[in-house]
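Taken together, the values in this text are just the output of simple stated rules run on the coordinates, not laboratory data. Just so it is clear, the model here is predicted, and its values are computed rather than measured. Here the Cβ is made from the backbone with ideal geometry for all residues, glycine too, and neighbour counts use every protein chain on show.
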C-alpha cells in the first residue's frame, strides 16, 4: 500500500526541465557543474517538484533528453551568459518550441539580466529572470501553473499585450534561508575535475555579488553592488558533506568575491582545521587592496586549512589603466600581495586585460594599448622574480553590455549586436572562428594575437605546474613520451621568447595551437 501511495505521489509531481547550454563551441569539451540550475532548483525540490537538469556532458543525447522531459513539464528553463551559451540555448529553445508550441520557455542568467527586453524580444523566449533566480524562478513556475501575474514577481519580465513588462528589482536574498543545493539531480562524477588542486575537484559557490565598482564588470548593474554569503559554519558543513559523499580531495570556490568579509574567510579556514577536513581549496576572486591588509593570523589560517590558490583581477601594470577602470587599487599593491601569497605558499592566478577604449582616434588608441602592454609585461617580469610559480592570464578587453566601459566603447564606435542571436558569438576567441578585432577599432590584429599567445602559450608553458597537470591527462606509453618531448621543446621556445621579449614570427605558437585544437592531448 505504501509503495502504491509513493507511486501515485510521484505521478502527481509537477515537472520542471532545465537546460544548461555549453559555454564553449562543441569541439571544446566542458564538464563543469551546472551550479546556476542547481541553485534555482533547491526551493522547487523542497516543495515537491520533479526537476530534471540536462547538459550536453551529462547525457549522450542532450537534445533528445530535453524533448523527452519537456513534454509534460510546467516550463523549460535555460540559463545563459553572453556568447556561445546563447547559441546553444537558442538551438534547444527552437527545438522545444517546434515540438511543444505552448510550453513556456524561461531564460535567466547573466545575459538576460543585463539585456532583459532584447532577450525577451526573441520569439523563442517567453519569460526572463534578472539576477539570481533562487527565489524568483520557483515563483515563476508556480505562477505559470496557477495563471498568476508574472510581471509582479521581483526580477521577472515577460511579454504582455505585445510589449515587455517587468516586475520590481530582484535584490539579493539572505542565502542562509535557502535549503541545501540538490546535488543528487546531476551525475556528480561527470562534473568532477582533475585540477591543480587535486584529482577530484568540485566547484562551489559560497556568496553572491560584489560590492566594488570595476568599470568592465556588470555586477554593479545586476546586483547593485550588493553581497550576500553563506555563514562560515554552513560552508564548512557543506564542504565536509561533499568531501565524504563524493570522495573529493579539493574544492574550487568560484564566487565573484570570496574575501569581502575577512572574518568569514578566517572562520571558514579555522572551521576546516577544527573539523580536521584534509582538503585543498582555491578561490576566486580576491581583491588585491583588500587582501594585502589581512593580518598574519588570517594568512596562516588560510595556508594551514589547505588554501592553495587565489584568482585575482590585477588587470594592468599601468596606474592610468587601473584608474580608467575604477579598480581602486595601486600597482605597488600587486607586488605586496604576491610576496604575501608566496610567503604562505598560495599560488596566484593573475588576470590581466589589455585594449581599453582610450580614444576615438584609432592610431592614438593603439599607442595607448602598446603602453598598456609595456607596463603590464614589466610588472609580470618583476612578479616572476618574486616567485616563478604563479600563473598569468592575459585577456583582450571586450566590452560587456551593461558595464560602464561598454557605454564608452560604444561612444567610440564599437559595433554591437541588437538581438539575442547576435550576441551568441560576441565573446568567442579567434580560434573559435570569430575575429574579435572586427568588433573594435582600438586594438590591432597583431596586438590581439599577442594577447592570446602570452596566455595560452608562453605563460601557460612557463607555469611550473602545467607539465604535471597536463601529463596526467595523457595515456601512459608512447603518447606520454611524445607529449613530454614536445612540451620540453615548447617550454624552451616560450622561455626564450619571454626572456628576449621577442614575439614576432610565431611559428612555434601556431604549431602549439594546432596541437591544442586537433591533438586532443589537452
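Here are some notes:
- Between residue 359 and residue 343, the modelled label-to-label distance comes to 4.2 nm, taking each label 7 Å out from Cα in the direction of the beta carbon.
- Looking at the chain alone, DSSP beta bridges between its own residues are antiparallel in about 20 percent of cases.
- Estimated FRET transfer efficiency (residue 160, residue 59; beta-carbon r; R0 45 Å; 0.05): 0.85
- In this simple spin-label approximation, residue 303 and residue 469 carry label points 7 Å from Cα along the Cα→Cβ vector, and these lie 2.2 nm apart.
- Stretching the chain fully between residue 500 and residue 273 yields a gain of 77.2 nm (0.36 nm per residue, less the alpha carbon separation).
- Taking the fewest neighbouring Cβ atoms within 10 Å as the starting point, the ordered list for 113, 256, 378, 318 is 378, 256, 318, 113.
- With Cα atoms defining each centre, segment 26-48 and segment 346-383 are spaced 36 Å apart in the structure.
- Considering helices alone, the calculated mean residue ellipticity of the chain at 222 nm is -12500 deg cm²/dmol, with DSSP H runs of length four and up weighted by -39500 (n - 2.57) and normalised per residue.
- Ordered by the count of other Cβ atoms within 10 Å of each Cβ, fewest first, 394, 100 give 100, 394.
- Paramagnetic label zone (point 7 Å from Cα along Cα-to-C-beta, residue 384; backbone N under 11 Å) in segment 447-465: 458-463
- Between the beta carbons of residue 444 and residue 233, assuming R0 = 56 Å, the FRET efficiency works out to 0.60 to the nearest 0.05.
- The angle between the Cα long axis of helix 362-386 and the longest principal axis of the Cα atoms of the chain comes to about 80 degrees, rounded to the nearest 10.
- Potential extension, residue 169-residue 293 segment - 0.36 nm per residue separation minus Cα distance: 41.2 nm
- The chain shape via C-alpha gyration tensor axes, a/c threshold 1.5: prolate
- Three-way shape label, segment 1-156, alpha-carbon gyration tensor, a/c 1.5: oblate
- Most simply put, segment 14-166 has about 30% antiparallel DSSP beta bridges, counting only bridges with both residues inside it.
- Distance from the alpha carbon centroid of segment 397-415 to that of segment 276-306 works out to 34 angstrom.
- Which of 84, 505, 294 has the fewest Cβ neighbours within 10 Å, and the rest in rising order: 505, 294, 84
- The angle between the Cα long axis of helix 262-274 and the main principal axis of the chain comes to about 80°, on a 0 to 90 degree scale.
- Highest average first, the peptides 227-237, 472-482 ordered by how many other beta carbon atoms sit within 10 Å of their residues are 227-237, 472-482.
- Segment 138-155 versus segment 64-84: alpha-carbon centroid distance in Å: 18 Å
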